[in-house]
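Trainee: Right, I'll just put the structure down here and ask away after.
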């Protein structure tokens with residue numbers, strides 16, 4: 001009678017240490033990385049940082065008598081639209097998908113820009129005529145650098161798209177525009193060139209810089 005060949009019998013014993021090592025390596029890798037945070041939580045954090053930067057600019061401008069808080073009553077609608085643009089721009093720049101919503105945010109940005117110009121009237125007032133108009137452009141650029149850095153850092157965690165980059169840049173550019181609404185008394189022509197023109201420049205910078213950088217993640 002033939003006996004079974006013991007050399008062909010599987011020996012499960014050596015596999016146990018191998019599986020244990022693989023499991024331990026996987027657990028070590030999981031511990032080395034931070035817990036996954038939902039995009040809504042990330043967007044809320046970025047939006048709060050951008051709004052906090054805007055509030056800080058207004059507070060500092062008020063302390064040094066550059067910003068007049070009393071203008072808020074007369075320009076409440078354009079300022080409110082710009083704040084909504086900041087929040088919506090950040091959320092839609094980070095949210096997965098949402099192409100139709102991003103198109104809606106572009107319309108919101110255009111509506112906010114039109115309201116900013118229309119609220120200055122058609123006269124082209126000469127408030128602050130003794131100061132160079134380029135002072136508004138330079139100050140606009142200066143106050144937008146921090147929110148721009150915030151949104152650019154946030155975008156590195158997601159796959160790059162034109163819509164995301166443009167909305168993030170617009171959210172950053174709205175900071176200087178809000179400050180300009182409360183600090184500048186010049187007319188619509190000045191606002192169109194030196195306020196909205198600078199905001200558009202910040203948006204383009206956001207698109208170009210974010211496009212040139214390699215993202216940390218290609219999350220959709």
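Each reported figure results from applying straightforward, stated rules to the coordinates on display, with no laboratory input. No experiment lies behind these values; they were computed from the predicted model shown. No Cβ is skipped: glycine too gets one built from the backbone with ideal geometry, and neighbour counts run over all protein chains shown.
Trainee: Test of understanding: ordering 207, 143, 18 by Cβ neighbours within 10 Å, fewest first, what list do you get? Could you put the intermediate results ahead of the total?
Mentor: On the way: 207 19, 143 24, 18 9.
Fewest to most other Cβ atoms nearby, the residues stand as 18, 207, 143.
Trainee: Okay, next question. Using Cα pairs under 8 angstrom and six or more residues apart, how large is the relative contact order of the stretch 37-212, in percent?
Mentor: Values: 243 pairs, mean separation 57.6, N = 176.
Result for the stretch 37-212 is 33 percent.
Trainee: Counting only Cα atoms, I'd like the Rg/Rh figure for the stretch 37-212, Kirkwood definition for Rh. Show your work: numbers first, answer last.
Mentor: Values: Rg = 15.5 Å, Rh = 16.0 Å.
Across the stretch 37-212, the Cα-based Rg/Rh ratio is 0.97.
Trainee: Based only on other Cβ atoms within 10 Å, what is the fewest-to-most ordering of 132, 137, 210, 65? Mind showing how you got there, number by number?
Mentor: Numbers: 132 11, 137 19, 210 25, 65 8.
So the residues, fewest neighbours to most, are 65, 132, 137, 210.
Trainee: Based only on other Cβ atoms within 10 Å, what is the fewest-to-most ordering of 191, 83? It would help to have the intermediate numbers written out before the result.
Mentor: On the way: 191 24, 83 17.
Fewest to most other Cβ atoms nearby, the residues stand as 83, 191.
Trainee: How long is the gain from residue 213 to residue 21 if the chain were fully straight, where each residue apart is worth 0.36 nm and the alpha carbon distance is subtracted?
Mentor: On the way: separation 192, 0.36 × 192 = 69.12 nm, distance 3.72 nm.
Full-extension gain reported as 65.4 nm.
Trainee: Work out the FRET efficiency for residue 48 and residue 106 from their Cβ-Cβ distance, taking R0 = 25 Å, and round it to the nearest 0.05.
Mentor: 0.60
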